[in-house]
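Beneath this line is the structure, given in structure tokens, with notes to follow.
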Amino acid sequence: MKYEPSKQQALFDAVFIVGCCAIYTSASFIGVRIGYIIPVVAVALAGFLGFVFARRTDTWRDFGFRLDNFWRSAIWVGGFTAVAAGAVLVIHAVSGKDSDASTGPELLILVPLYPIWGIIQQFIFQGILHRRLQQVSGSDWVAILATSLIFAAIHIADLRITGLVMIAGLYWSWSFSRTPNLWTLGVSHGVLAVLAYYLLLGEQTLQKIF
């Protein structure tokens with residue numbers, strides 16, 4: 001039998017995720033490689049999920065891993081992704097910046113892997129944090145704005161990307177509140193992250209991780 005989480009449980013969950021975000025951001029600021037941070041966060045998240053499922057307050061479908069609304073979500077998220085991707089390509093072309101990173105062999109590795117990382121991040125921010133903030137506040141827009149701000153904050157170590165993340169985060173959060181589906185959000189996240197990091201920032205992502 002599934003139970004609804006209480007406000008106290010929802011608040012605890014939200015504080016836990018924000019705490020993990022604070023640790024991640026602090027580690028990034030002092031120069032710890034992402035490759036060292038991710039395993040720690042992954043272990044903490046796995047333990048947290050075990051705790052949540054033991055409470056029997058959520059299912060995978062509740063978190064947004066569902067197919068019944070896939071195509072409706074795909075239309076909204078796909079349209080945004082296409083527009084945002086087009087904007088990145090135009091900015092890259094106008095800037096005349098020739099990024100060696102955009103043609104590097106690691107791009108072939110990250111293109112299929114980044115959407116997986118995108119799904120994981122959307123799971124954390126939309127499936128858990130967004131839903132819990134909505135339960136605590138009782139307001140969709142409070143949850144949307146707070147989730148987007150926290151999502152942008154974990155990227156603040158690189159101010160070049162923070163604004164872009166805030167814009168995308170607002171749309172993804174709004175889309176999740178309207179049609180909760182992590183599959184489409186994760187793919188959108190992965191596609192736009194690859195384009196932004198390689199075409200706009202010209203970064204070798206694997207080197208940053210390891």
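Using a ≥ b ≥ c from the Cα gyration tensor of segment 1-103 (square roots of the eigenvalues), is it rounded, prolate or oblate, where a/c under 1.5 gives rounded and otherwise the larger of a/b and b/c decides, a/b for prolate? Numbers along the way, then the final one.
Numbers: a/c = 3.01, a/b = 1.43, b/c = 2.10.
The shape class here is oblate.
In whole percent, and with a 1.4 Å probe on the protein chains, what portion of the accessible area of segment 55-96 is carbon and sulfur?
For segment 55-96, the apolar C and S fraction of the accessible surface comes to 72 percent.
Using a 7 Å offset from the Cα along the Cα-to-Cβ direction at both ARG160 and ALA93, what is the distance between the two label points in nm, to one decimal?
2.2 nm
What is the log10 of I(q)/I(0) for the chain, computed with the Debye formula using one identical point scatterer on each Cα and no solvent, at q = 0.11 Å⁻¹?
Log10 I(q)/I(0), no solvent term: -0.53.
Express the relative contact order of segment 118-164 as a whole percentage, based on alpha carbon pairs under 8 Å and six or more residues apart in sequence. Please list the in-between numbers first.
Numbers: 22 pairs, mean separation 12.1, N = 47.
Value for segment 118-164: 26 percent.
Between ILE116 and PHE65, take the C-beta separation as r, use R0 = 22 Å, and let me know the FRET efficiency to the nearest 0.05.
0.95
How do the peptides 57-63, 121-127 rank, highest first, by the average count of neighbouring beta carbon atoms within 10 Å per residue?
121-127, 57-63
Can you tell me the length gained on complete extension of the stretch LEU201 to THR25, counting 0.36 nm per residue apart and subtracting the Cα distance?
Gain in length upon complete extension: 61.4 nm.
Per residue, what accessible area does the chain have, given a 1.4 Å probe and all protein chains present, in Å²?
51 Å²
ASP140 versus PHE51, label points 7 Å from Cα toward the beta carbon: distance in nm?
So the label points at ASP140 and PHE51 sit 3.0 nm apart.
Relative contact order of the chain, please, whole-number percent, based on alpha carbon pairs below 8 angstrom and at least 6 residues apart. Mind showing how you got there, number by number?
Details: 220 pairs, mean separation 76.9, N = 210.
The normalised contact order for the chain reaches 37 percent.
The values are calculated or read from the model by the stated rules, or taken from the named source; none is laboratory data. Owing to the predicted nature of the structure, the values given are computational and were not obtained by experimental measurement. When we count neighbours, we look across all protein chains shown, and the Cβ atoms used for this are built from the backbone with ideal geometry, even at glycine. We work out accessible area using only protein heavy atoms, side chains counted, and drop any ligands, DNA or RNA first. Shrake-Rupley method; radii C 1.70, N 1.55, O 1.52, S 1.80 Å.
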